[in-house]
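The values are calculated or read from the model by the stated rules, or taken from the named source; none is laboratory data. All of these numbers come straight from a predicted model, not from anything done at the bench. Glycine gets a Cβ as well: all are built from the backbone with ideal geometry, and neighbour counts include every protein chain shown. Side chains are part of the model used for accessible areas, which takes the heavy atoms of the whole protein and leaves out ligands, DNA and RNA. Shrake-Rupley method; radii C 1.70, N 1.55, O 1.52, S 1.80 Å.
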Amino acid sequence: MIPFNKPYMTGKELWYIAQAHAKGHLAGDGGFTKQCHHWLEKTIGCQKALLTHSCTAGLEMAALLADLEPGDEVIMPSFTFVSTANAFVLRGAVPVFVDIRPDTLNLDERLIEAAITPRTRAIVPVHYAGVSCEMDAILEIARRHNLLVIEDAAQGLGSSYRRRPLGSMGELAALSFHETKNVIAGEGGALLVNVSRLAERAEIIREKGTNRSQFFRGQVDKYTWVDVGSSYLPGEIVAAFLVAQFEEVDAINRRRLLMWDVYHQALSSYEAEGLLRRPIVPGHCQHNAHMYYILLPDLARRTAVINSLKAQGVQSVFHYIPLHSAPAGKRYARTHGELPVTNNTSDRLLRLPLWVGMEEQQRDVLRALRVALEAKD
Ligand SMILES: *Cc1c(COP(=O)(O)O)cnc(C)c1O
């Protein structure tokens, strides 16, 4: 069976973990965590990076920093992972789902303004497949209506929009290092802060609502409970693992892009025949090959292709069950208008295996896909 995903390890993870072990500092915010923060700040150009247990935790921190009141509204796509919405629902806010663009499958910026009400506080663009949302338009709408922009850049490490790295454009952003992403820590994430007025409070919220970070910098002479907060910081073992991954990010993304291009080339004739649609990456968006997906003509064809691939030993998966159609989505969120592109995409999208180390097997995936697509049913 060719699995859909297989986590890639660089070989240096255990070496760095052994160093953390030897130093005897295992709680968070030691040397490895600081190294990760500096690396993210330098690479992404954000004001402040803070490691978290997950992207989910980063989004929860962002929702706390947004100071939402129950009933406040947050505009986001329904075509996303549950955490995008849950982080805000936990604060009593209401996700307002807007449809996605048919080309990139990202939040359709042309539909945002009509969804804004006096209760709207934030916009959450999700950079699907590591391809950027139309950030110029989104930032301009946010500026005009005085809204926060919180980027869900879970899939976007190494991608950029008009040369600006994903995660550097909103007031806040969250990254994921879950083992299904390009760069991993098992479970892990980061909150990125791009405005100084939120930076200090972000540290406090992450440290159980205390000013412990300021204490360690010698800015206060004792630390105490100053705000709401929780424990959002991972220990040094996770950070040590991540240092090894960060060192290889360029090589990882390069290898993924090569495989992405192989899929893209090989499938162009099927697109020409109308058997599928390939991903669309606008020229001003540099992507990180987080994902290779295809859009099949309809749900029946997609189900047939998944089953055929499976019978041939290739695991493929669909994405996402739209949040507005899920039980909790109906209870906690609101939909702006019909979401035809979201509903249609969710029925037709199929993700193919794409992981570093499967280069040799990619031909087998393509051969199996050919059989699946050419089968008459
Ligand atoms: C993976 C993912 C998340 C959640 O990341 P975790 O680190 O697992 O919490 C959130 N949003 C999107 C778009 C994702 O792809």
Q | Enclosed volume per residue, in Å³, of the convex hull spanned by Cα atoms of the stretch 119-173 | A | 65
Q: Taking the chain as the reference, fit the longest principal axis to its C-alpha atoms, fit the long axis of helix 135-145 to the helix C-alpha atoms, and give the angle between the two in degrees, 0 to 90, nearest 10.
A: 50
Q | Whole-percent carbon and sulfur share, accessible surface of the chain, 1.4 Å | A | 54
Q) Per-residue ellipticity at 222 nm for the chain, helices alone: DSSP H runs ≥ 4 residues times -39500 (n - 2.57), over residue total, nearest 500 deg cm²/dmol? A) -12000 deg cm²/dmol
Q. Accessible surface of D103 in the full protein assembly, 1.4 angstrom probe, to the nearest 10 Å²?
A. 40
Q. Summing Lys, Arg as +1 and Asp, Glu as -1, what charge do residues with Cβ under 14 Å from the Cβ of L147 carry, L147 excluded?
A. -4
Q | Cα long-axis angle, helix 196-206 against the chain (0 to 90 degrees, to the nearest 10) | A | 90
Q) What ranking of W225, W15, W355 comes out by heavy-atom accessible area, probe 1.4 Å, highest first? A) W225, W15, W355
**Q.** Count of lysine pairs in the chain with Cα separation under 22 Å (8 or more residues apart, or interchain)
**A.** 17
Q: Using only Cα atoms, find the angle between the long axis of helix 31-44 and the longest principal axis of the chain, and express it within 0 to 90 degrees, rounded to the nearest 10.
A: 60
Q: Taking H placed 1.01 Å from N in the peptide plane, check which residues at least 5 places from E207 or on another chain put their amide H under 5 Å from its amide H.
A: S230
**Q.** Residue-normalised accessible area of the chain, given per residue in Å² at a 1.4 Å probe
**A.** 43
Q) To the nearest 10 square angstrom, what accessible area does M291 show with a 1.4 Å probe? A) 10
**Q.** Summed side-chain charge close to D108 - residues other than D108 whose Cβ falls under 13 Å, Lys, Arg +1, Asp, Glu -1
**A.** -4
Q: Provide, for q = 0.08, 0.10, 0.11, 0.13 Å⁻¹, the log10 of I(q)/I(0) from a solvent-free Debye sum over equal Cα point scatterers in the chain.
A: -0.42, -0.65, -0.78, -1.07
Q. Can you tell which of A62, A251, A85 shows the greatest fluctuation in a Gaussian network model of the chain with Cα springs below 10 Å?
A. A251
(Q) Let me spell out the model: positive unit charges on the Cβ of Lys and Arg, negative unit charges on the Cβ of Asp and Glu, origin at the Cα centre of the chain. What dipole size does that give, in debye rounded to 20? (A) 260
Q. How big is the stretch 249-374 by the Kirkwood estimate over distinct Cα pairs, in Å?
A. 15.9
Q) Between the stretch 230-252 and the stretch 62-78, what is the C-alpha centre distance in whole Å? A) 28
Q: Name the residues whose placed amide hydrogens come within less than 5 Å of the amide hydrogen of V94, ignoring near sequence neighbours (fewer than 5 apart) on the same chain.
A: G71, D72, E73, V74
Q) If you build the Cα gyration tensor of the stretch 1-130 and take the root of 5 times each eigenvalue, what three semi-axes come out, in whole angstrom, biggest first? A) 34, 20, 13
Q: Give the distance, in whole Å, between the Cα centre of the stretch 210-229 and the Cα centre of the stretch 104-164.
A: 33
Q | Area accessible to solvent at D72, 1.4 Å probe radius, in Å² | A | 0
